[in-house]
1. Per residue and in cubic angstrom, what volume does the convex hull of the Cα atoms of the chain have?
2. Order of Ser112, Ser40 from fewest to most other C-beta atoms within 10 Å?
3. Note down the net charge around Glu91, summing +1 for each Lys or Arg and -1 for each Asp or Glu among other residues with Cβ under 12 Å from its Cβ.
4. Obtain the nm distance between the two label points defined at Glu90 and Asp110 by a simple spin-label model: each point lies 7 Å from its Cα along the Cα-to-C-beta direction.
5. What list do you get for Glu78, Glu115 if you sort them by fewest beta carbons within 10 Å?
6. So for the stretch 68-135, if I pair up every lysine 8 or more residues apart or on another chain, how many of those pairs have alpha-carbons under 14 Å apart?
7. In nm, to one decimal, how far is the Glu26 label point from the Ser130 one, both placed 7 Å along Cα→Cβ?
8. For the chain, what is the percent of antiparallel DSSP beta bridges, rounded to the nearest 5?
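Bear in mind that the values in this text are calculations on the coordinates, not laboratory data. Bear in mind that the values here come from a model prediction, so they are computed numbers and not experimental data. No Cβ is skipped: glycine too gets one built from the backbone with ideal geometry, and neighbour counts run over all protein chains shown.
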Amino acid sequence: MPSDHLCPCKSQKPYIHCCKKYHEGELPETALLLMRSRYSAYAKGLTHYIILSTHSSNPQFTKNRIKWMDEIESFSKETTFEDLKIVNFEEDGEKATVTFEAILKRGDQDISFKEKSFFTKIDNKWLYVSGELIK
Ligand SMILES: [Zn+2]
């Protein structure tokens, strides 16, 4: 199978059997699936998916929406999404955390980072609340 048919979330599954259904409106059952689908949405430049899966308490919501969309678009365009490693996933009722390592490049520059992301479930929909970088 050509590698460009594989899901950018690095699940090794074809995109059509992985994050595509979430990008088309199906709700991810877990925060981990939401996290993976956000990673693949960044890789595919699906700006609206990133915005619609972010909780309104996220600091980005207080900023200029057009500027935020531009930032997501340039990040998607300028970044090579090399790998995604899930380090930890904890779910407790309506709250969840996912710790992951995103292996990213911008040109020759390594811009990889490790983050603990916080999620909350509202009306059966998981949303990204915030993230803190882990050294
Ligand atoms: Zn996927």
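1. Details: hull volume 15.0 nm³, N = 135.
Expressed per residue, the convex hull around the Cα atoms of the chain is 111 Å³.
2. Details: Ser112 13, Ser40 23.
Ranked by crowding around the Cβ, least crowded first: Ser112, Ser40.
3. Result for the local shell: -2.
4. 2.8
5. On the way: Glu78 13, Glu115 17.
Ordered from fewest to most neighbouring Cβ atoms within 10 Å, Glu78, Glu115 come out as Glu78, Glu115.
6. Lysine pairs meeting the criterion: 9.
7. Taking the two extended label points, one gets 3.3 nm.
8. On the way: 31 of 32 bridges.
About 95 percent, rounded to the nearest 5.
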